[in-house]
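Enquirer: If you scroll down you'll find the structure; I have some questions about it.
The values are calculated or read from the model by the stated rules, or taken from the named source; none is laboratory data. These numbers come from a predicted model, not from an experiment. As a convention, Cβ positions derive from the backbone with ideal geometry for all residues, glycine included, and neighbour counts pool all protein chains shown.
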């Protein structure tokens, strides 16, 4: 596994404490990437199903095309903000 090999190479010259901290940081980065990806899938599915059924899947309120477009823009903006905050904390 490429990640394991790179991380192992980096850890060889570190103390136990430094290696533990490095692994912890790497684990948190990867965990956040997975969670963020899952959140995006939820948001994208929310938009898709809401458009298909013409109602908000969060509150079940019927929506016309204009309201759906506004909802899509808002959700997409939230996704962008989430990604930006993850990339540039």
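Enquirer: Could you identify the single residue in 19, 77 that is touching a helix residue (DSSP H, G or I) at 6+ places or on another chain (Cβ under 6 Å) and either at pLDDT below 85 or part of a helix (DSSP H, G or I) (or both)?
Expert: Among 19, 77, only 19 is touching a helix residue (DSSP H, G or I) at 6+ places or on another chain (Cβ under 6 Å) and either at pLDDT below 85 or part of a helix (DSSP H, G or I) (or both).
Enquirer: Being touching a helix residue (DSSP H, G or I) at 6+ places or on another chain (Cβ under 8 Å) and either under 25 Å from residue 29 (Cβ atoms) or modelled with pLDDT of 90 or more (or both) is the filter; apply it to segment 48-70 and report the residue that is surrounded by the fewest Cβ atoms within 10 Å (Cβ to Cβ).
Expert: 54
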